[in-house]
Amino acid sequence: MAELDDLFGGLDNTLDFLNEKKTVSSDGIYRIDLSKAKDKKRGYKSVIRLLPNLTKEGKVGMSALEKITHYVNIKNPKELAGWFDSPKNFGEKCPLTDLYYNMVNSKNAILVEKAKQLNYSKKYYSYALVIEDEQQPDLVGKVMIFQYGKIIRDKILAEKNGEISGVSCNVFDLANGKDFVLLVKEIQTGDETYPDYKNSMFRPETSAISLYNEERREFKQVPVQDGKVDARAQKAVRDFLLKRDHDLEEFAAKPLTEEQQVKISEISNFLTGKASTSFAGASAPSSNDFDFDEVATKVESGSSMVSSSADDDDFFKDF
């Protein structure tokens, strides 16, 4: 009868849908939402710190997970549109890659045009600490997963090779890394709009990671000794890095399912005109699943909100 008591005794606890929800990414991906930029000309600005890959087992993995993905952009029938992890991730032949090159090399103008509906992308995934984000303040202080492409990957490589300052820097280093300023504006090419990341940059100075204190809502920089994180602070740093809702492994490439293989056959038949299709088994893709960061425009730069204490011992009062 408890259910009836709830039904006839009061329904106040059923009104949670009226409460304003905090906008936190449910899959752990840190996304740049250009619709939230307060000044469209200025664009979206935030500051993140790329983090090393500390696994739950306490091991240090590769700093970035790499994945090749295909997006089939068929408007009609929309059931054929979708995302596919390429078998190339596992050193195997990829049917969508083969289909693309067969169509492009066919010298058939219609097939060459249709091949444009087969898109290829190599993406990288790394852990990132959100240091500043006035557009999405609920994300500040969170360890999330940052998805990026060649433009940002090349900026990381340029820092490693010392191409910017003349001094090599591993930006993932906890004691001597660099904060990354994201400066993103929207650019339009034809009917499509894309976020442009090209003016994003690493700060010129190296610094130790700063940990976020949720109660005080502030960052505090960890102390460093002999070029490494102070031994007394290492446990706090490890605990902080593991305080996350999602792991990189969740975004690793997955083998094609039987359903996906059937769908790829339908896509091939449809694009090459071998057969008509009434395939209806997959959902249309979401633009949030993919970042297009290969297009150029100009964006502004900015400053940091991270505080640093001159007294290293003060760090241990909070962590």
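Kirkwood analysis of the Cα pair distances in segment 171-231 returns a hydrodynamic radius of 14.1 Å. Taking trypsin sites (Lys or Arg not before Pro) across segment 28-67, the ones in a DSSP loop with at most 10 further Cβ atoms lying within 10 angstrom of their Cβ are LYS38, LYS41, LYS56, LYS59.
In this simple spin-label model, placing a label point 7 Å from the Cα along the Cα-to-Cβ direction at both LYS150 and LYS93 gives a separation of 2.6 nm.
Proximity of backbone amide H atoms, modeled 1.01 Å from N, is registered between TYR44 and VAL184, LYS185 at under 5 Å, excluding neighbours fewer than 5 places apart on the same chain.
Among GLU57, GLU249, sorting on how many other beta-carbon atoms sit within 10 Å of each Cβ, with the fewest leading, yields GLU57, GLU249. In sequence order, segment 156-161 has phi-based couplings of 5, 5, 4, 5, 4, 8 Hz under the Karplus curve 6.51 cos²θ - 1.76 cosθ + 1.60, θ = phi - 60°, and Gly or Pro positions carry x.
Listed from fewest to most Cβ neighbours within 10 Å, the set ASP196, ASP226, ASP98 follows the order ASP226, ASP98, ASP196.
In terms of its C-alpha gyration tensor, segment 33-102 comes out oblate, because a/c is 1.5 or above while a/b does not outweigh b/c.
Here, each number is a calculation from the coordinates, and none is a lab measurement. Computed from a predicted model, the values in this text were never measured in an experiment. With ideal geometry, Cβ positions are generated from the backbone for all residues, glycine too; neighbour counts draw on all protein chains shown.
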